[in-house]
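Below: the structure, in structure tokens.
The values are calculated or read from the model by the stated rules, or taken from the named source; none is laboratory data. Note that the structure is predicted; figures quoted are calculated from it, not measured. Cβ placement follows ideal geometry from the backbone for every residue including glycine, while neighbour counts extend to all protein chains displayed. Please note that ligands, DNA and RNA were not included when accessible areas were found on the heavy atoms of the full protein model with its side chains. Shrake-Rupley method; radii C 1.70, N 1.55, O 1.52, S 1.80 Å.
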Amino acid sequence: MIRAGKVLNNVIASQAIHYQYGGVVPELASRAHQRNIWHVVNDAMLQAGIKNNELNAIAFTRGPGLMGSLLVGVSFAKGMALALDLPLIEVNHMEAHVLAHFIPSRLASASGDEPRPQFPFLCLTVSGGHTQIVLVKDFLDMQVIGETQDDAVGEAFDKAAKMMGLPYPGGPLIDKLAKEGNPNAFKFSQTVMPDLSFSFSGIKTAFLYFLRDRKKEDENFVEKNLNDICASLQRHLVQMLIQKLKLAAQQTGIKEIAIAGGVAANSGLRNAMNIAAEELNWRIFIPEFQYCTDNAAMIAMAAHYKFLDGKFCGLDVAPISNMSVGTSGSG
């Protein structure tokens with residue numbers, strides 16, 4: 001729920017079922033959405049003390065994402081908008097991650113002043129499904145200038161964790177274990193990609209072979225070296241991200257640099273951002289931890305700016321699983 005650009009609440013329904021299967025199962029995800037969506041919306045309105053007649057618009061994620069889950073959200077939003085005779089606002093999930101930087105912080109000063117990126121700025125959006133460098137020209141004007149050509153960095157973290165026998169989601173566990181390890185203990189080959197493109201599929205394969213070969217020498221290799229393996233892998237993946245981000249900043253001349261998405265919560269990436277900021281005189285911006293992973297507040301904030309610009313959509317809107325930044329049918 002959001003009012004005048006202020007987040008009233010950020011209700012979340014966890015889907016613990018995925019822990020049992022070591023990853024997100026699309027069918028189970030959509031079923032969980034169906035079970036939880038009414039309760040989440042109801043709780044959000046009750047907590048905020050908002051009644052139906054006080055609503056001005058209904059926002060929803062159109063894409064990108066899992067089609068089954070998107071269908072549940074789009075259908076519910078349409079039904080609610082139709083029943084209450086309210087306009088609909090479609091939101092691009094990845095653009096919402098970027099706009100999480102404009103959610104007012106609970107730690108803001110009494111005057112309301114708090115650091116926010118100034119346009120134009122670069123945003124590295126990193127998650128389980130996406131790795132992109134976005135040129136942000138305005139709240140509703142964004143352009144992807146670099147992205148992965150295969151897998152996302154978040155998937156590389158999770159798959160590597162699974163190879164080591166760690167539970168899902170593995171990315172946060174690698175981050176936790178890395179803090180106790182030596183980041184220079186092991187070296188991994190660098191994936192060479194042109195310009196601002198990323199590639200992480202080869203890293204997953206190389207890591208698989210690395211574990212296979214080391215286990216031949218010692219079947220307990222992972223257990224004995226878990227912290228060092230995690231620290232070395234995390235350092236390698238973070239370096240790949242920072243290298244391209246530095247190149248993007250050099251090419252554009254922009255020193256306002258942000259990160260967003262689930263992997264933005266990674267302490268290794270945050271530390272590397274701080275180091276780069278000191279070296280290159282960047283002004284860096286990182287959302288609050290709760291606004292890094294997928295959340296309702298970022299969708300509401302993106303919808304806020306669309307509402308101010310009068311960008312609504314019709315009831316014929318359909319979800320787009322591979323929706324690109326800058327793609328919108330509203331207006």
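Picking from residues in region 149-162 that are surrounded by 18 or more Cβ atoms within 10 Å (Cβ to Cβ) and in a loop (DSSP other than H, G, I, E, B), the one that is nearest to the chain's Cα centre (by Cα) is Ala152. Residues that are within 15 Å of Met240 (Cα to Cα) and of a type in the set (A, V, I, L, M, F, W, C) within region 171-205 comprise Phe188, Val192, Met193, Leu196, Phe198, Phe200, Ile203, listed in sequence order.
In region 282-297, the residues that are within 17 Å of Met94 (Cβ to Cβ) and open to solvent by 50 Å² or more (accessible area, probe 1.4 Å) never reach a residue that is at pLDDT below 95 and of a type in the set (Asp, Glu) with C-beta atoms less than 7 angstrom apart, at least six apart or across chains.
Taking first residues from region 222-239 that are under 9 Å from Ile174 (Cα atoms) and partners that are open to solvent by 10 Å² or more (accessible area, probe 1.4 Å) and charged (D, E, K, R), the Cβ contacts under 6 Å between residues at least 6 apart in sequence or on separate chains come to Asn227/Glu180. Set side by side, the residues Ala160, Ala100 differ, and just one is hydrophobic (A, V, I, L, M, F, W, C) and under 21 Å from Arg235 (Cα atoms), which is Ala160. For the list (1) open to solvent by less than 20 Å² (accessible area, probe 1.4 Å); (2) of a type in the set (A, V, I, L, M, F, W, C); (3) modelled with pLDDT under 95; (4) more than 21 Å from the chain's Cα centre (by Cα), I need the number of the one condition that Leu107 fails. That leaves (1) as the condition not met.
Of the candidates Gly146, Gly128, Gly165, the single residue that is assigned to a loop (DSSP other than H, G, I, E, B) and crowded, with 21+ Cβ neighbours inside 10 Å is Gly128. Of the residues making up region 254-281, those that are polar (S, T, N, Q), touching a residue at least 24 places away in the same chain (Cβ under 8 Å) and closer than 22 Å to Gly154 by Cβ are Asn266, Ser267.
A quick yes/no check of all residues on (1) among the polar types (S, T, N, Q); (2) touching a strand residue (DSSP E or B) at 6+ places or on another chain (Cβ under 7 Å); (3) outside any helix (DSSP H, G or I); (4) open to solvent by less than 30 Å² (accessible area, probe 1.4 Å):
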residue	(1), (2), (3), (4)
Leu46	no, no, no, no
Ile50	no, no, yes, yes
Asn56	yes, no, yes, no
Thr61	yes, yes, yes, no
Ser75	yes, no, no, no
Val91	no, yes, yes, yes
Met94	no, yes, no, yes
Val98	no, yes, no, yes
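Each residue in region 287-331 was checked for being in contact with a strand residue (DSSP E or B) (Cβ under 6 Å, 6 or more places away or on another chain), aliphatic (A, V, I, L, M) and under 24 Å from Arg116 (Cα atoms), and 6 of them qualify.
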